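The values are calculated or read from the model by the stated rules, or taken from the named source; none is laboratory data. Values in this document were obtained by computation on a predicted structure and should not be read as measured data. A quick note on method: Cβ atoms are made from the backbone with ideal geometry, for glycine too, and the neighbour counts reach across all protein chains shown. With ligands, DNA and RNA removed, areas are computed over all heavy atoms of the protein, side chains included. Shrake-Rupley method; radii C 1.70, N 1.55, O 1.52, S 1.80 Å.
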Amino acid sequence: MALSEFEIKRCERELEKFLLAKRPPAHIRKNLDYGYRIENQSFILFELRPEWRNPDNILELPFAKSTYVKTTSSWKIFWQRQDLKWHSYEPVPYVDKFEDFLFVVSEDACACFFG
C-alpha cells in the first residue's frame, strides 16, 4: 500500500472535519447522511439513504473518490456518473494534497458531487 498508517490517520482526521461541516442536522440523518470508506490507497465518499421500497435497508451511494498516485505524489479525483463508473473529474483531475481534494468536493463547482 502506498500510504502509511500515519498518512491514513491524517486523512481520516481531515475527512471527519469535512463530514462534520457537510452532514445534515441530527434529526435528518436517518434519511440522509454522509460517510466514507478506505479501499487500498483510495478514499471513497458516499451518501447514506434508506431504500425507498424497504426503508430498513440503507444504501451507500458513492459520489466522490480520491486515489493516491505514488509516482507523482498526488491525489487523483473521480466522480461517479449515472453509469455507476468512476470518471476523472476534468476541471481538477489531480491535486497535490488530500485537503485540496476535500476542498474541490466541497466547492462542487460543476455540480458533479452534490448535484
Item to check | Any chance Thr67 is surrounded by 14 or more Cβ atoms within 10 Å (Cβ to Cβ) and of a type in the set (S, T, N, Q) | outcome: yes
Of those in segment 44-54 that are more than 28 Å from Ser74 (Cβ to Cβ) and open to solvent by less than 50 Å² (accessible area, probe 1.4 Å), the residue farthest from the chain's Cα centre (by Cα) is Pro50
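Quick grid of which residues meet (1) of a type in the set (Asp, Glu); (2) open to solvent by 40 Å² or more (accessible area, probe 1.4 Å); (3) out of contact with any Ser or Thr (no Cβ under 9 Å at 6 or more places or on another chain):
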site	(1), (2), (3)
Pro24	no, no, yes
His27	no, yes, yes
Asp33	yes, no, yes
Arg37	no, yes, yes
Ser42	no, no, no
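Confirm whether Lys76 is over 26 Å from Leu32 (Cβ atoms) and either aromatic (Phe, Trp, Tyr) or without any contact (Cβ under 8 Å) to a residue 40 or more places away in the chain (or both).
Working: over 26 Å from Leu32 (Cβ atoms): yes; either aromatic (Phe, Trp, Tyr) or without any contact (Cβ under 8 Å) to a residue 40 or more places away in the chain (or both): yes.
Answer is yes for this residue.
May I ask you to list the residues in segment 70-89 that are surrounded by fewer than 17 Cβ atoms within 10 Å (Cβ to Cβ) and among the aliphatic types (A, V, I, L, M)? Steps first, answer last, please.
Going residue by residue through segment 70-89, those that are surrounded by fewer than 17 Cβ atoms within 10 Å (Cβ to Cβ) are 70-73, 81-85, 87-88.
Result: Leu84, single match.
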Just one listed residue, out of Asp33, Asp100, is under 19 Å from Gly115 (Cα atoms) and at pLDDT 95 or above, and it is Asp33
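Is it the case, given these coordinates, that Leu20 is without any contact (Cβ under 8 Å) to a residue 60 or more places away in the chain and open to solvent by less than 70 Å² (accessible area, probe 1.4 Å)? Quick ask: steps written out before the conclusion?
Values: without any contact (Cβ under 8 Å) to a residue 60 or more places away in the chain: yes; open to solvent by less than 70 Å² (accessible area, probe 1.4 Å): no.
The answer is no for Leu20.
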Counted residues in segment 4-32 being under 17 Å from the mean Cα position of the chain (by Cα) and over 14 Å from Leu48 (Cα atoms) come to 14
Residue hits (segment 26-46; farther than 13 Å from Cys11 by Cβ and either β-branched (Val, Ile, Thr) or touching a Gly at 6+ places or on another chain (Cβ under 8 Å) (or both)) are Ile28, Phe46
